[in-house]
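Scroll down for the structure; my scribbles are underneath it.
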Amino acid sequence: MLRMIRMRVNGRDVQIAVDERESLLDTLRKRLGLTSVKKGCEVGECGACTVLVNGEAVDSCIYLAVWADEKSVMTVEGLKGPNGELSPIQKAFIEEAAVQCGFCTPGLIMTAVEIVGTGKKYDREEIKKLISGHLCRCTGYENILNAMERIVEETYKAML
């Protein structure tokens, strides 16, 4: 059964009819063309499909699109600046070589957005726990942690 939902996706109002059983992942990727949202495990274990819903990181593969009705959804595509420039988080990932195959990267970046958005200063051990829902087969996590530590530190200093 189809149901009409309204949501704000990357700052743009969207109205779309979705099957009540359709995942937010499928709506974003297949119907709205937001391919940064990756389909990995489809059971909420790998984090590749992580997006922000009202500022909170969720696995969009196990989050129904109808649950996003009247909510704000952000994907990596929504991070670009007005002239298409990368966000500070994306720059940190590149500069710290935290990207290899790139499959896990969008989900990790969205989790980093949530982490930075708290305004709290986290140490490496806390960041490890915060990203524990993400699987990366390439990097060994060290460069990812370096990028996240860097952006948390930079954001925290900027707030002082």
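Some notes on this structure:
- Of the residues making up the range 20-31, those that are open to solvent by less than 40 Å² (accessible area, probe 1.4 Å) and out of contact with any Phe, Trp or Tyr (no Cβ under 6 Å at 6 or more places or on another chain) are E22, S23, L25, D26, T27, L28.
- Residue list for the range 80-108, filter: of a type in the set (S, T, N, Q), within 23 Å of C41 (Cα to Cα) and buried (at least 18 other Cβ atoms within 10 Å of the Cβ): T105
- Selected residue (only one of V99, V58 is among the β-branched types (V, I, T) and modelled with pLDDT of 95 or more): V58
- Qualifying residue in the range 24-35 (condition: assigned to a helix (DSSP H, G or I) and of a type in the set (S, T, Y)): yes
Okay, residues lined up against (1) touching a residue at least 24 places away in the same chain (Cβ under 8 Å); (2) open to solvent by 50 Å² or more (accessible area, probe 1.4 Å):
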site	(1), (2)
V14	no, no
S36	yes, no
C49	yes, no
W67	yes, yes
E70	yes, yes
G78	yes, no
M110	yes, no
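- Strands (runs of 3 or more DSSP E) (entirely within the range 46-160) containing at least 1 residues that are under 22 Å from S23 (Cα atoms) and among the hydroxyl-bearing types (S, T, Y): 50-53, 71-74
The values are calculated or read from the model by the stated rules, or taken from the named source; none is laboratory data. All figures in this text were calculated on a predicted structure; none of them were measured in a lab. Counting neighbours? That spans all protein chains shown, and the Cβs are built from the backbone with ideal geometry, glycine included. In case anyone asks, the SASA skips ligands and DNA or RNA and just uses the protein heavy atoms, side chains included. Shrake-Rupley method; radii C 1.70, N 1.55, O 1.52, S 1.80 Å.
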